[in-house]
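Taken together, the values in this text are just the output of simple stated rules run on the coordinates, not laboratory data. Note that the coordinates shown come from a computational prediction; the quantities given were computed from them, not determined experimentally. Here the Cβ positions follow ideal geometry from the backbone for every residue, glycine too, while neighbour counts run over all protein chains shown.
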Amino acid sequence: MSPPEEQLSPDDVRRLAEETMAAAKFPQLATADGDQARVRPVSPVRTDGFTVHVANLRSYQKTQQIARNPKVELCYLAPNHDQVRITGRAEVEGDAAVLHEIWESNPLLRKYLGAADNPELIVYRVVPEEVRYMREWALRYHDVPLD
C-alpha cells in the first residue's frame, strides 16, 4: 500500500521549496556538453526567490557549455532529503547595480578574484521556467508557483 498523497497549498509548496533551498545551500548545476550531461556543485552568490545567480570563471568548461546551450537545471537536496529542481535558462548578468551588490556581499569573490572587473569573472542569472519541489522520497513533485 502506498502512503497517502500529501495535499499542499501553493503557498505551502512555495514556502517549503524556499526552506529546502536555504537548508541545502549548495545546489548541483546540470549543463549539456553536446550529447553528454555534466553536473557539478555550485555556490550561489545571490538568490531572489527562485532566480539564482552563480559566479563562474570564463575559463571553466561550463562557460562554453552554457554559451552553446543555455538550458540548465539546478537541484537542491537538503539534509532531510527534500529537493527543489529549478529548470531554466542561464543568462549573463549585465546589470551593473546587481553585479556591484554581488561583488560587495561576497568576500570570497573579492579574495580570489581581486577586482570586480577581473576579466575571468562571469556571473550567470538562472531564470526559472519551471520549479518543482519534492518532500523526502515522496515520489511526486509539486509544481512551485512562480508568480
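A Förster radius of 22 Å, combined with the Cβ-Cβ distance separating Arg68 from Asn118, puts the computed FRET efficiency at roughly 0.40.
Springs join every pair of Cα atoms under 10 Å in this Gaussian network model of the chain, and among Pro44, Pro107, Pro70 the largest mean-square fluctuation is at Pro107. Taking amide hydrogens as placed 1.01 Å from N in the peptide plane, the amide H of Asp33 sits under 5 Å from those of Arg38, each at least 5 positions away in sequence or on another chain. Close amide H contacts of Val52 (hydrogens built in the peptide plane, cut-off under 5 Å, sequence separation of 5 or more or a different chain): Val126.
What does the net charge come to around Gln28 if you take all other residues with beta carbon closer than 14 Å to its beta carbon, with K and R at +1 and D and E at -1? Kindly include the intermediate steps, with their values, before the conclusion.
Working: positive: Lys25, Arg38, Arg40, Lys62, Arg85; negative: Glu73.
Computed value for this residue: +4.
Protection proxy ranking for 72-78, 110-116, 89-95, 6-12, using the average of other Cβ atoms within 10 Å per residue and placing the highest first: 72-78, 89-95, 110-116, 6-12.
Inter-label distance, Glu130 to Arg110: 4.1 nm, where each label sits 7 Å from its Cα along the C-beta direction.
Relative to the dominant Cα principal axis of the chain, helix 96-105 is inclined by about 80°. Computed over region 65-147, the percent of Cα pairs more than 23 Å apart is 43. Where the alpha-carbon atoms of the chain are placed on the principal axes, they occupy 57, 35, 27 Å, in descending order. Its relative contact order, with pairs defined as Cα atoms under 8 Å and 6+ residues apart, puts the chain at 27 percent. Taking label positions 7 Å along the Cα-Cβ direction at both Leu146 and Ser9, the computed distance is 2.4 nm, reported to one decimal.
Residues whose amide H comes within less than 5 Å of that of Glu130, counting only those at least five positions distant or on another chain, are Thr87 (H built at 1.01 Å from N in the peptide plane). Per-residue ellipticity at 222 nm, computed for the chain from helices alone with -39500 (n - 2.57) per DSSP H run of at least four residues, works out to -8000 deg cm²/dmol. Charged neighbours of Pro70, selected by a Cβ distance under 12 Å, balance to +2 (K, R count +1; D, E count -1).
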